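The numbers here are math on the coordinates, done by the rules we state, and not lab data. The structure displayed is predicted, hence computed values, not measured ones. When we count neighbours, we look across all protein chains shown, and the Cβ atoms used for this are built from the backbone with ideal geometry, even at glycine.
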Amino acid sequence: MSAALCALCAPALAADGYFLIGYGARQKALGGAGVADSRDAMSLSINPAGLVDLERQMQLGMTALLIDRGYSTTGQPHVVAPGDVRSGRPLFPIPNNAFSAPIDADSAWGTASYANGGINTSYDFGHYRPPHGGPYGGGFAGVDLEQMFTTVGYARKFGALSIGVAPTLAVQMLNVQGLKNFGPYSASPDHISDNGYDWSVGGGIRAGLQYRVTEQFRVGVAASTPMYMTSFRKFSGLFADGGRFDIPASIIAGLAYDVTPDLTVMADWRHIFYSGVPALHNASFPLRFNSLGSPNSPGFDWQDTNSASFGVEWRATPALALRAGYHYATNPVPSRAVAFNVLSPVVNAHHVSGGFSYAVTKNSTIDFAAVYAFKNNVSGLEALPQSAQNPFGAYNPNATINLWLRGLEFTIGWTYKFDPGDHSFLPNLQRL
């Protein structure tokens, strides 16, 4: 039954572990590329240095995730319910918004709010494990983890070089159900499952730079410190170090090249340091009695991820921009840990994307993006926790677990560009 324990920290559809491809319609349509090419206020979420290249503007957006995911088994599993088990709750809304404003010719500021989807899995009673049904013997099993970021950025230009910094506030919300049968493996059995929602707050800093090598060629680099978070007290018996669940650091680098004045190609690389968060990176095997929640206790066995993003944008007319992208990400879940990640099978690899922006008025633009995550699978033997028969834990040679996921994202947004000299914070309704 330990299979449910380590799947609680990724969006239902992401790209690099629980980090989404991008935030806002433009980033998503470009497959996540754009660290060296900032053209809208949501670029603050990827590289605050790009603020100095933006006019005064406001953005609002919403993403809908439509996810199909689950696991299947072959052989005779002892931990999870056998068969083809699919999660319910296929639809998740995720909002985003941003604002940017020049301060003078060489500096600017902005603010943005965005989210990392949130895991939301739901395994019903129909996939039966004794004594109480459900896939883990604890009845209904599910998890809901959501992360929201709010950031304020400042950027300054020094000739061809722009530098930006953005302190960021993070908030996490978590609910876990159906895992009480894991009580014997926890240092605090009453704080492992079925305790309602809990909150965690914290923050960190994102910083970046952009350098214009030529008028057509630009490079960009950005990085984020870990988001140091307060502990999930209601789940202090589940996560390592008494419920500590920080958000890992990341670094991204890329380039942008204007093939023509209206055609730009982009390529980015991103690395996420899951190894810096014990609750995520600690080995998931073996799972021993009274170990979960203790210092250096078992974790999710997640590995650092690398990803590559490629995007192209064609500004076909002054009113219409067309975009396309591709994103590839390595999988954080190794085959040895599939049994510990069945509640959230975040095994994305290949993604294609596309979208457009269309100016319906001089000030207002409608933005749209779609992302398709091709079905991907990761398989491995079922891990068994410590027991009288297996005092050191064991892998079940007679059972294989296969995690799988595929899905769609749709993002729609609205961008309002203020007229030169308009220093208001709200749009002029007569210009919409």
Subtracting the Cα-Cα distance of F158 and D124 from 0.36 nm times their residue separation yields 6.5 nm
Among (i) 34, 28, 23; (ii) 34, 25, 21; (iii) 42, 21, 19, the value of semi-axes √(5λ) of the Cα gyration tensor in Å computed for this structure carries the label (iii)
In this structure, the FRET efficiency calculated for S424 and V352 from their beta-carbon separation, with R0 = 35 Å, to the nearest 0.05, is 0.35
Taking GluC sites (Glu not before Pro) in a DSSP loop with at most 14 other Cβ atoms within 10 angstrom as exposed, one finds the longest site-free stretch of the chain at 216-432
Taking Lys and Arg as +1 and Asp and Glu as -1, residues besides G61 with C-beta under 11 Å from its C-beta add up to 0
Protection proxy (average C-beta count within 10 Å per residue), highest first, orders 174-183, 72-81 as 174-183, 72-81
Simple SL model, points at 7 angstrom along Cα→Cβ for V360 and N290; separation in nm is 6.4
Trypsin sites (Lys or Arg not before Pro) in the stretch 52-101 lying in a DSSP loop, each with at most 14 other Cβ atoms within 10 Å of its Cβ, come to none
The simple spin-label model distance between A283 and Q76, using points 7 Å out along Cα→Cβ, in nm, is 2.8
